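A quick write-up on the structure given underneath.
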Amino acid sequence: MDTEATHVLLVGGTGRFGHQLASALLSRPGIHLHVLVRPGTRPESLDGLADQGVTLVEGSLQDVRSLGSAVEGMDAVISAVRGGPDVVVDGQLRLLDVARRHGVMRFIPSDYSPDFFQLRDGEDAQLDLHRRVADAVERSGVRHTFILCGAFMEVALSPLAHVFDLERGHVAYWGTGDEPFDVTAMRDAARWVAQAVVDPRAAGRRLELVGDVVTVNEVSRLYEELTGRQLQRVCRGTVEDLRHHLARMSAPEAAAREALVQPHLLLQLAGRGRLRNPANAELSRLRPMTVREYLEAKGRPWLPSREEASLPAHP
Ligand SMILES: NC(=O)c1ccc[n+]([C@@H]2O[C@H](COP(=O)([O-])OP(=O)(O)OC[C@H]3O[C@@H](n4cnc5c(N)ncnc54)[C@H](OP(=O)(O)O)[C@@H]3O)[C@@H](O)[C@H]2O)c1
């Protein structure tokens, strides 16, 4: 093992955000990356990680012994897991305990979300789990960083968030459409995490990092400006109606059913979980992607090409 390098164990590196994190960590000099992979993981889901100088360690959050071997010699542990309470709470607390026993210098739990510290129990079932983990992390004495970045742009602007369906030209919103929300491209969130894990200024912090702040009306105007097409708009109710809707989604039976839905955008449209003290300028000179840039780059299937846009309309 290279004793000069900072050894970072990434748990959840085979997931959607975990992949972005692995790339961001690999591009930072001085970090040696170790990724925990579950037994039976298919080589194709590793996306060539083994060929990029990553140390792959077999293990699972369910298996404390495997965690002990994986954490041995690590300076930092980053989690990007997702799942139910058995993974997010029980699994991550096992990982935290092992990290504490091995004297790990930094622990970053799997958050990457709006500010759940300001929420009350029952407002968002998934973020209740994050807060339970955060409480334990703060009490553990392990040096840690929480990363709060609002909603991922890729999720918030996709049909998964139940507001925008840009492919089909629809938007279904609540309130007036002027309620602001925080969004961050996954790649930027990953680059911030890769910096925070080795930055002493990030230790013991709830770090708020924001790519862009927009409203439903602003995103709709951008779409219309970029495509020349009108979005079909449906108002589903007031902000108060949205709060009732979120409370129903967070009821225990519904929360289990809806576990795959990330209501991070809806939560913010209800005025909850917004990031009030972004540390962007303090932590890094990274210029995050804006929603305009995201729509310009990502929107190819529904944006007319430059050539098409300059063609005269059919008679
Ligand atoms: N702010 C937002 O809008 C937003 C949106 C989406 C996600 N997130 C957050 O981002 C984080 C990652 O989410 P994601 O969508 O990237 O998750 P994902 O694609 O579902 O990946 C989950 C990862 O967790 C691993 N995992 C699950 N159970 C495990 C266990 N028992 N032991 C070890 N590893 C286990 C999976 O491994 P396998 O590959 O072996 O299954 C996979 O690598 C979560 O905190 C999530 O809440 C935020």
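Sort segment 2-153 into rounded, prolate or oblate with this rule: let a ≥ b ≥ c be the square roots of the eigenvalues of the Cα gyration tensor; rounded if a/c is under 1.5, and if a/c is not under 1.5, prolate when a/b is larger than b/c, oblate otherwise.
Values: a/c = 1.57, a/b = 1.40, b/c = 1.12.
Prolate.
Quick one: net charge of Met289's neighbours, Cβ under 12 Å, K/R +1, D/E -1? Mind dumping the intermediate values first?
On the way: positive: Arg187, Arg191, Arg287, Arg292, Lys298; negative: Glu154, Asp188, Asp212, Glu293, Glu296.
In short, 0.
Pick out, from His34, Phe116, Pro159, the residue whose Cα sits farthest towards the positive end of the charge dipole of the chain, with +1 on the Cβ of Lys and Arg and -1 on the Cβ of Asp and Glu.
About the Cα centre, the residue reaching furthest to the positive side is Phe116.
Using all alpha carbons of segment 20-62, what is the percent of pairwise distances in each 10 Å bin, ordered from the shortest bin to the longest?
26, 56, 17, 1
Nothing charged except the Cβ atoms of Lys and Arg (+1) and of Asp and Glu (-1): what's the magnitude of the dipole of segment 131-207 about its Cα centre? Round to the nearest 20 debye. Intermediate results must be reported in sequence, preceding the final value.
On the way: 10 positive and 10 negative charges, 114 e Å.
The calculated dipole for segment 131-207 is roughly 540 debye.
Which distance in Å, rounded to a whole number, links the C-alpha centroids of segment 105-144 and segment 1-36?
Using only Cα atoms to place each centre, the spacing works out to 22 Å.
Could you please report the charge total around Ala136, scoring K, R as +1 and D, E as -1 over all other residues with beta-carbon less than 14 angstrom from its beta-carbon? Each step should come with its number before you reach the end.
Working: positive: Arg94, Arg100, Arg131, Arg132, Arg139; negative: Asp90, Asp97, Asp111, Asp128, Asp135, Glu138.
Around Ala136, the charge tally is -1.
Please report, in whole Å, how far the alpha carbons of the chain spread along each principal axis, starting with the longest.
Principal-axis extents of the Cα atoms in the chain, largest first: 68, 45, 40 Å.
What dipole magnitude, in Debye to the nearest 20, does the chain give about its Cα centre under +1 on Lys/Arg Cβ and -1 on Asp/Glu Cβ? Spell out each step's value before the answer.
Values: 37 positive and 42 negative charges, 63 e Å.
The calculation lands at about 300 debye.
From the Cα gyration tensor of segment 1-44, with a ≥ b ≥ c the square roots of its eigenvalues, which class applies: rounded if a/c is under 1.5, or else prolate if a/b is larger than b/c, or else oblate? The partial results should precede the final answer.
Details: a/c = 2.77, a/b = 1.61, b/c = 1.72.
Because a/c hits 1.5 or more and a/b fails to exceed b/c, segment 1-44 counts as oblate.
Which listed residue (Leu25, Leu46, Ser284) has the Cα farthest towards the positive end of the charge dipole for the chain, taking +1 on Lys and Arg C-beta and -1 on Asp and Glu C-beta about the Cα centre?
Value: Ser284.
Using the Cα centre of segment 63-102 as the reference point, and only Cβ charges (+1 on K/R, -1 on D/E), how large is the resulting charge dipole? Debye, rounded to the nearest 20. Kindly include the intermediate steps, with their values, before the conclusion.
On the way: 5 positive and 6 negative charges, 8 e Å.
I would put it at about 40 debye.
Compute the long axis of helix 239-250 from its Cα atoms, compare it with the longest principal axis of the Cα atoms of the chain, and write down the angle in degrees, 0 to 90, nearest 10.
40
Debye calculation, C-alpha points only, no solvent: report log10 I(q)/I(0) for segment 141-249 at q = 0.23 Å⁻¹, in the same order as the q values.
With no solvent term, the Cα-only Debye profile gives -1.22.
Only the coordinates and a few stated rules stand behind these numbers; no lab work does. The structure displayed is predicted, hence computed values, not measured ones. Backbone-built Cβ (ideal geometry, glycine too); neighbour counts: all protein chains shown.
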